[in-house]
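Shown next, in structure tokens, is the structure this report addresses.
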Amino acid sequence: MEKNIRIIGRDVLFSVLNSYSQVFFSTSKILAIFLVFISFFDYGAGIGGLIAVGVANFLAYGLGYNTYLLKLGLYGFNSLLVGLGIGLAFQPSVQLYVLVAIAAGTCFFLTIVSQGVLGKYGLPFLSIPFLVTIWIVGLSGGELTVLNISERGIYTYNELFGLGGHTIVRLYNWLEALVGSSFVRIYFYSLGAIFFQKGLLAGIIISIGLLIYSRITFVLSILGYSVSYLFYVLVGIEFNSLSYTFIGFNYILTAIALGGYYLIPGRTSYAWIIILLPAVVLITISTQQLFKLYHISPYSLPFNMVVLMFLYSLKLSEKLPVGLIETPIQLGNPEKNLYLQSGNLKRFPVRFPVAASLPFLGEWKVSQGQNGEITHKGAWRNAWDFIITDTNYKQFKGSGDFVEDYFCFGKAITAPFEGTVMEVVNSIQDNTIGDVNTKNNWGNTVILKHSNTIYSKLSHLKYHSVEVKEGDRVKQGQLLGRCGNSGRSPYPHLHFQFQHTPYIGSPTLDYPFGHYLLKGDKYAFQAFSFPGKGQVVANPVKNEQLAKVLHFIPGQRLSGEFRLESLKTGAITQTEKFNWNVNTDVFNSTYLESEEDGSLAYLYNNGNLHYFTNFTGNKETPLYWFFLALFKVPLGFLPNSKINDQVPVNMMFGGMLKFLQDFIAPLYLFLKVDYSLEIKNAGDILSSGDVKMTSKITKKIMGHETGKFDFTINLKESGVFEIEIRFNEFKIHMKCSNE
């Protein structure tokens with residue numbers, strides 16, 4: 001009972017604090033404390049904000065809305081802004097706070113409606129509920145005769161003295177004297193205005209809170225403000241007006257939202273901030289003039305308009321600009337979002353929803369790749385031709401005068417991904433060697449629909465070999481037909497391309513294969529990549545034992561032992577037993593949770609690949625080492641195959657180095673963590689039994705190695721994980737299994 005009360009109390013506290021930090025798209029408790037503190041610089045606004053948050057969260061809980069979103073503060077932050085705005089406008093009274101409660105309730109229901117309407121288009125509701133509510137109150141204000149307009153702010157020194165005596169007054173005077181630049185002063189005024197606070201101190205405290213929470217957010221606040229300032233100067237608009245209006249924050253919030261929250265921070269997102277902010281300025285100026293007629297402020301309307309328009313435009317784009325990536329998994333912190341993506345920008349299936357396999361069995365060679373020298377040009381440049389060669393690199397036996405001499409002729413052609421058959425041609429005769437059919441250019445062909453915008457086309461198939469018909473649903477790997485020599489094909493080969501439309505002759509689409517093995521000295525595992533001319537490629541063959549052991553099912557429990565040993569003395573310096581549970585969150589993401597300390601290791605398994613996506617909690621625990629050892633493991637191998645990746649920077653670096661990296665991370669990463677994994681004993685990797693692998697993690701600063709971790713992994717047929725880790729002068733032994 002006592003434990004349940006503590007949990008409820010914690011959830012209530014978090015829902016309140018997060019309502020404050022959500023104004024900056026954050027769930028940082030430190031930032032929230034800063035914001036709660038400055039909200040009481042005007043006690044009327046501070047009280048109004050707390051009442052509004054309490055009303056909104058009470059309604060959300062009482063009416064049974066999503067408790068996860070409630071704890072994140074998403075149901076409360078709009079009402080908070082309403083409470084702050086109303087609390088600032090009128091003198092404190094019972095009637096005022098009754099109005100705040102009513103307005104907060106109204107704003108809450110507008111939040112639910114906005115969430116439902118905009119959510120259908122995958123868009124956030126931002127501060128639209130606040131805008132509608134504050135305008136309703138503002139337009140009604142003249143009729144609310146029982147309320148008195150606030151006189152706070154007229155006698156600034158009296159209010160400061162009441163807030164903190166001579167100390168606060170002296171601090172205020174010192175800050176006023178210290179910050180002489182109008183450019184810097186208005187930046188702090190604009191930050192403070194987000195929470196309806198006037199004066200330098202509120203803005204300075206918010207900026208410190210932003211700096212502690214996120215260096216990228218802090219930089220974006222300066223970038224957004226600076227770009228807008230330059231545009232004001234460029235077109236001759238009076239900028240000092242921002243020092244006494246609640247408008248300047250539109251530029252800051254737009255930069256934070258698009259530069260580092262809804263989009264992965266980077267050069268491209270920063271460039272778009274520079275492009276879009278002049279539009280925010282123009283909308284701000286024009287709406288100010290319009291709203292003057294009604295004696296109300298546009299508040300955050302320009303920010304909402306530009307952010308929603310831009311995000312909606314991206315939804316309609318067939319292909320995002322290079323470097324512009326919508327945040328696939330929102331971690332609530334720009335640095336974490338960036339570092340998670342920086343290792344492998346193609347890792348998440350959200351970016352490439354069709355994870356296509358190679359459309360054949362065994363090893364094939366790319367005879368003509370993208371931007372080919374013969375036919376893959378112009379609108380049809382993004383295509384591949386595949387053949388089979390022997391050890392002497394020949395594609396035929398004997399004289400090669402007959403189609404049957406070619407190793408690929410008659411070989412099975414399979415569906416690269418699940419989908420629907422849109423078109424089939426099956427009646428074109430195969431050419432004799434050296435001849436081509438220019439009338440029926442593509443020959444026998446199958447076109448598959450994989451999504452509304454992604455189709456695949458497989459051409460030059462063998463005469464009367466197609467096994468499917470229009471309208472059929474096919475599975476990945478299902479037989480479609482046989483490789484042939486029909487159409488514009490002088491010798492047997494398979495032509496393959498992705499395209500946007502379901503027609504023969506459609507232009508090609510620049511889209512990668514999902515997972516395949518590239519043959520070299522070792523087989524290198526490629527994820528969402530493009531085979532090149534002359535490369536020999538093959539589909540990974542799934543190791544059933546590996547797939548079984550790494551298939552973590554919610555409700556599953558693992559337990560084991562951990563031992564830390566000194567390599568210098570051989571002494572055991574730490575031993576412990578541990579227990580992990582497999583769970584899923586509200587977004588259906590799977591994670592391992594440590595019973596001992598609550599650490600979480602998030603993972604993803606798409607049937608072809610296992611990888612960990614994120615880790616939160618104590619980094620001196622067995623779960624953290626397990627996370628690193630098996631960071632990314634393909635479930636299919638050929639002997640001697642190898643995979644490379646990068647671990648997010650924040651998983652391995654901390655302190656001042658990480659702090660400094662955060663500032664320039666969107667532009668340049670001087671910290672790097674390389675990961676590689678390969679087979680230790682490859683002889684029986686495709687058979688059942690133990691699977692032995694080695695993995696390595698290397699920490700680098702400016703390209704120079706600063707630390708190395710070597711992992712030896714033995715996955716037993718019984719489901720037991722045996723892991724040995726060597727780093728510096730220590731060795732770790734881990735052993736765990738399913739209960």
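Key figures for this structure:
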{"quantity": "3 or more residues β-branched (Val, Ile, Thr) and surrounded by 22 or more Cβ atoms within 10 Å (Cβ to Cβ): qualifying strands (runs of 3 or more DSSP E) within region 356-469", "calculated": "444-449"}
{"quantity": "Checklist (1) under 22 Å from the mean Cα position of the chain (by Cα); (2) surrounded by fewer than 24 Cβ atoms within 10 Å (Cβ to Cβ) applied to Gly199, failing item", "calculated": "(1)"}
{"quantity": "Within region 656-679, tally of residues that are surrounded by 14 or more Cβ atoms within 10 Å (Cβ to Cβ) and part of a loop (DSSP other than H, G, I, E, B)", "calculated": "4"}
{"quantity": "Test: residue in region 676-684 that is closer than 25 Å to Glu593 by Cβ and modelled with pLDDT under 95", "calculated": "yes"}
{"quantity": "Any hit, region 391-406, residues being within 39 Å of the chain's Cα centre (by Cα) and farther than 15 Å from Lys457 by Cβ", "calculated": "no"}
{"quantity": "Complete set of residues in region 552-590 that are surrounded by fewer than 15 Cβ atoms within 10 Å (Cβ to Cβ), in contact with a Ser or Thr (Cβ under 7 Å, 6 or more places away or on another chain) and of a type in the set (Val, Ile, Thr)", "calculated": "Thr573, Thr584"}
{"quantity": "Failed item in (1) touching a Phe, Trp or Tyr at 6+ places or on another chain (Cβ under 9 Å); (2) of a type in the set (A, V, I, L, M, F, W, C); (3) within 24 Å of Gly471 (Cα to Cα), with Val446 passing the rest", "calculated": "(1)"}
{"quantity": "Odd one out for Gln497 among (1) buried (at least 18 other Cβ atoms within 10 Å of the Cβ); (2) in contact with a Pro (Cβ under 6 Å, 6 or more places away or on another chain)", "calculated": "(2)"}
{"quantity": "Boolean, Asp405 is closer than 20 Å to Thr375 by Cβ and acidic (Asp, Glu)", "calculated": "no"}
{"quantity": "Residues of region 525-553 satisfying the condition of being assigned to a strand (DSSP E or B), touching a residue at least 40 places away in the same chain (Cβ under 8 Å) and within 26 Å of the chain's Cα centre (by Cα)", "calculated": "Phe525, Ala527, Phe528, Ser529"}
{"quantity": "Answer from Ser269, Ser297 - the residue that is touching a residue at least 60 places away in the same chain (Cβ under 8 Å), out of contact with any Lys or Arg (no Cβ under 9 Å at 6 or more places or on another chain) and either in a helix (DSSP H, G or I) or not assigned by TED's automatic domain parsing to the domain that holds Ser214 (or both)", "calculated": "Ser269"}
{"quantity": "Pair list, Cβ < 7 Å and 6+ apart or interchain, from region 605-617 residues that are over 17 Å from Pro554 (Cβ atoms) to residues that are part of a strand (DSSP E or B) and modelled with pLDDT under 80", "calculated": "Asn608/Gly636"}
{"quantity": "Residue in region 159-178 that is exposed (fewer than 12 other Cβ atoms within 10 Å of the Cβ), at pLDDT below 90, under 27 Å from Phe77 (Cα atoms) and not assigned by TED's automatic domain parsing to the domain that holds Leu316 present", "calculated": "no"}
{"quantity": "Among (1) under 24 Å from the mean Cα position of the chain (by Cα); (2) surrounded by 23 or more Cβ atoms within 10 Å (Cβ to Cβ); (3) farther than 22 Å from Ala279 by Cβ; (4) aliphatic (A, V, I, L, M) - the single one Ala255 does not satisfy", "calculated": "(3)"}
{"quantity": "Which numbered condition Glu593 fails, given (1) under 30 Å from Tyr516 (Cβ atoms); (2) out of contact with any Gly (no Cβ under 8 Å at 6 or more places or on another chain); (3) crowded, with 16+ Cβ neighbours inside 10 Å", "calculated": "(1)"}
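The values are calculated or read from the model by the stated rules, or taken from the named source; none is laboratory data. In this text, all values refer to a predicted model and were calculated from it rather than measured experimentally. Heads up, the Cβs are rebuilt from the backbone with ideal geometry, glycines too, and the neighbour counts pull from every protein chain shown.
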